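We did not get these values from a lab; they are worked out from the coordinates using the rules stated. Nothing here was measured: the structure is a model prediction, and the numbers come from that model. Every residue, glycine among them, receives a Cβ derived from its backbone with ideal geometry; neighbour counts consider all protein chains shown.
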Amino acid sequence: MADTNERDRPDWLERALAVEAEQSSVEVDGCDINVLAWGERGLPGIVLVHGGAAHARWWAPIAPLIGEYRVVALDLSGHGDSGRRPEYRVDLWTEEVLAAADFSGASGAPVVVGHSMGGFVAVATAVAGGERVAGTIVLDSPMVEDDPEVEAARIGAAFGVPKTYPSLDAAVARFRTVPAQDHYDPYILDYVARHSLRQVDDGWTWKFDPGLFRAISRTAAAEQLPRITSRVALVRSEYGLVTPEIGQIIYDNLGRVAPVVEIPLAGHHMMLDQPLILLTALRALLADWEHSVPLHR
């Protein structure tokens, strides 16, 4: 990872990260779930769901800029600063998303935005939550095949027993995304990496629980898409995991009435390389949903 200096961060990013998130915790089935929130209580809600082995602060560079919303990001159990479980199930992650939404102080049902593995969790939340979810935006989640994090864990290429590093900087230098991509904003990557670590007795190690990938498959997600009764949209990256062919399959499963939006120049982790284009896409979708009538499947 290239050396970065916070003083050199672009103005828009400096302003966004200067907005301090409200941090709280909600208990779900005996596990404490870390919740961050931006914006005033009583505003319409948005819940942001991270990908596998990631955490809520992946969203911090754009969350305060989405607009007049109560924006919530949570660490799913086994991730970030949330507690760990003996086993991880999508239905429990779904309960965590709904609990974070209920706890947030937002008005009405929220829009749930999920990236990669979080896209599958967002779809499952929309199906389980029914009228408790106003809309679902899925970010570069392939749906018809396992996410790369799951495959990397299965073959032992990543996400094994977390290593311990002698210093925070040494650990940050080893931070990698799965899958890798050609470009990252270096300041966002540095910020995300530093919030991916926790201090232990003999140094620094990654926060995620390596057990979270056991027996979790995302391949059934496409089958759940037709069961969503609220609005739904797919946002894919030009160089991401959702190829045009996969996008077409998802579009068909959504009844051919949901938008499929491409983020140009973006890799799979679009918030790490094209955050402002992603922000524009989210704002446009949300603005349209506020002032239009959905087509019915």
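Where Lys and Arg each count +1 and Asp and Glu each count -1, what net charge lies around Glu131 among other residues with Cβ under 14 Å from its Cβ?
Counting the neighbours of Glu131, the net charge comes to +2.
How much mean residue ellipticity at 222 nm does the chain get from its helices, if each DSSP H run of length 4 or more adds -39500 (n - 2.57) and you divide by all residues, to the nearest 500 deg cm²/dmol?
Calculated from helices alone, the mean residue ellipticity at 222 nm is -8500 deg cm²/dmol.
Give me the number: length gained by fully extending Glu40 to Ala173, i.e. 0.36 nm times residue separation minus the C-alpha to C-alpha distance, one decimal in nm.
Using 0.36 nm per residue and subtracting the Cα-Cα distance, I get 44.3 nm.
If you fit an axis through the alpha-carbon atoms of helix 90-103 and take the longest principal axis of the Cα set of the chain, what angle between them do you get, 0 to 90°, nearest 10?
The two axes meet at around 80 degrees.
Hey, fewest Cβ within 10 Å first, where do Lys163, Lys207 land in order?
Lys163, Lys207
Taking the Cα centre of each part, how many Å lie between segment 168-209 and segment 22-39?
With segment 168-209 and segment 22-39 each reduced to a Cα centre, they are spaced 22 Å.
Can you give the angle from 0 to 90° between the axis of helix 117-129 and the longest principal axis of the chain, with both taken from C-alpha atoms, to the nearest 10?
Orientation of helix 117-129: about 40 degrees from the principal axis.
For the chain, take the longest principal axis of its alpha carbons; what is the angle in degrees between that and the long axis of helix 244-253, to the nearest 10 within 0 to 90?
50
What is the set of long-range amide H partners of Arg236 at a cut-off below 5 Å, with H atoms built 1.01 Å from backbone N?
Amide H neighbours of Arg236: Asp140, Val261, Glu262, Ile263.
Dipole of the chain, Cα-centred, from +1 at each Lys and Arg C-beta and -1 at each Asp and Glu C-beta, to the nearest 20 debye?
340
Subtracting the Cα-Cα distance from 0.36 nm times the residue separation, let me have the gained length for Asp32 to Arg194 in nm, one decimal.
56.1 nm
Measuring from centroid to centroid over Cα atoms, what is the spacing of segment 261-297 and segment 62-115 in Å?
After rounding, the separation between the Cα centres reads 19 Å.
How do 273-286, 174-187, 6-19 rank on mean C-beta neighbours within 10 Å, highest first?
273-286, 174-187, 6-19
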